[in-house]
């Protein structure tokens with residue numbers, strides 16, 4: 001009987017809490033709710049960017065290989081240009097089309113064997129390919145800064161939620177004047193959930209940011225090499 005009285009006194013003023021993830025979110029402080037919601041939103045958007053970039057880069061690799069196979073097959077460059085002029089399927093095709101379009105425009109205006117016209121044409125071809133390459137680089141790197149930001153900021157946002165949840169736990173101790181685990185558990189649990197979500201958002205963002213940045217650099221390097229090779233081919237044709 002005495003033990004039952006002690007237990008009832010220890011639990012006096014305590015409230016039963018739902019310790020599931022959803023229950024903790026519902027009962028959490030508004031600041032902790034905002035932290036959790038923000039981290040979930042950042043994680044969702046990060047995964048959307050990751051899937052989009054991974055699929056897009058795979059398509060770019062496949063289409064670049066397909067175009068290079070056609071380009072180096074030994075067929076006529078004019079025929080290849082006429083076939084893909086209106087709808088270049090990938091950035092490498094866009095580089096080819098932009099250079100060939102400038103070539104044809106200049107050829108239609110005058111004799112390509114004239115030295116001033118030839119030098120001017122080479123500079124313009126290099127410029128249009130550089131502009132096209134820069135546009136494609138910008139497209140590939142779009143939204144990558146978001147992954148970098150989530151990877152660096154999410155742990156600190158989660159840490160803020162952790163600190164706020166622990167603060168709430170200490171406030172409950174002061175209000176109820178009771179150090180029973182049932183009093184402090186909800187606040188500590190909220191803090192741990194915020195920490196976990198911060199890591200859940202940050203770790204994939206960091207891993208895939210590094211991977212996607214490396215893949216993008218490889219793709220851009222391939223485009224840059226093709227642009228140099230094609231400019232050399234056109235230069236040889238001018239010289240001949």
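The values are calculated or read from the model by the stated rules, or taken from the named source; none is laboratory data. These numbers were taken from a predicted model, which means no experiment stands behind them. Glycine gets a Cβ as well: all are built from the backbone with ideal geometry, and neighbour counts include every protein chain shown.
Checked against (1) more than 30 Å from residue 43 (Cα to Cα); (2) out of contact with any helix residue (DSSP H, G or I) (no Cβ under 6 Å at 6 or more places or on another chain); (3) modelled with pLDDT under 75, residue 229 meets all criteria but (3). Kindly evaluate residue 116 against the criterion of being over 24 Å from the mean Cα position of the chain (by Cα) and either surrounded by fewer than 14 Cβ atoms within 10 Å (Cβ to Cβ) or at pLDDT 80 or above (or both). Taking the combined requirement at face value, the residue satisfies it. So is residue 139 out of contact with any strand residue (DSSP E or B) (no Cβ under 7 Å at 6 or more places or on another chain), part of a helix (DSSP H, G or I), at pLDDT 85 or above and loosely packed, with under 15 Cβ neighbours inside 10 Å or not? Taking the combined requirement at face value, the residue does not satisfy it. Inside region 87-111, residues that are modelled with pLDDT under 75 and either part of a helix (DSSP H, G or I) or in contact with a helix residue (DSSP H, G or I) (Cβ under 6 Å, 6 or more places away or on another chain) (or both) make up a count of 5. Going through (1) surrounded by 13 or more Cβ atoms within 10 Å (Cβ to Cβ); (2) under 36 Å from the mean Cα position of the chain (by Cα); (3) closer than 30 Å to residue 159 by Cα; (4) modelled with pLDDT under 85 one by one, residue 26 falls short only on (1). Among the residues of region 69-86, those that are outside any helix (DSSP H, G or I) and closer than 21 Å to residue 127 by Cα comprise 85, 86.
Yes/no matrix, rows are residues, columns are (1) modelled with pLDDT under 75; (2) over 17 Å from the mean Cα position of the chain (by Cα); (3) surrounded by fewer than 20 Cβ atoms within 10 Å (Cβ to Cβ):
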{"position": "144", "(1), (2), (3)": "no, no, yes"}
{"position": "154", "(1), (2), (3)": "no, no, no"}
{"position": "157", "(1), (2), (3)": "no, yes, no"}
{"position": "171", "(1), (2), (3)": "yes, yes, yes"}
{"position": "203", "(1), (2), (3)": "no, no, yes"}
{"position": "209", "(1), (2), (3)": "no, no, no"}
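I'd like the residue in region 173-192 that is modelled with pLDDT of 70 or more and under 20 Å from residue 36 (Cα atoms) and, out of all such residues, is surrounded by the most Cβ atoms within 10 Å (Cβ to Cβ). Filtering first and then ranking leaves 190.
Among the residues of region 216-230, the one identified as touching a residue at least 24 places away in the same chain (Cβ under 8 Å) and surrounded by fewer than 17 Cβ atoms within 10 Å (Cβ to Cβ) is 224.
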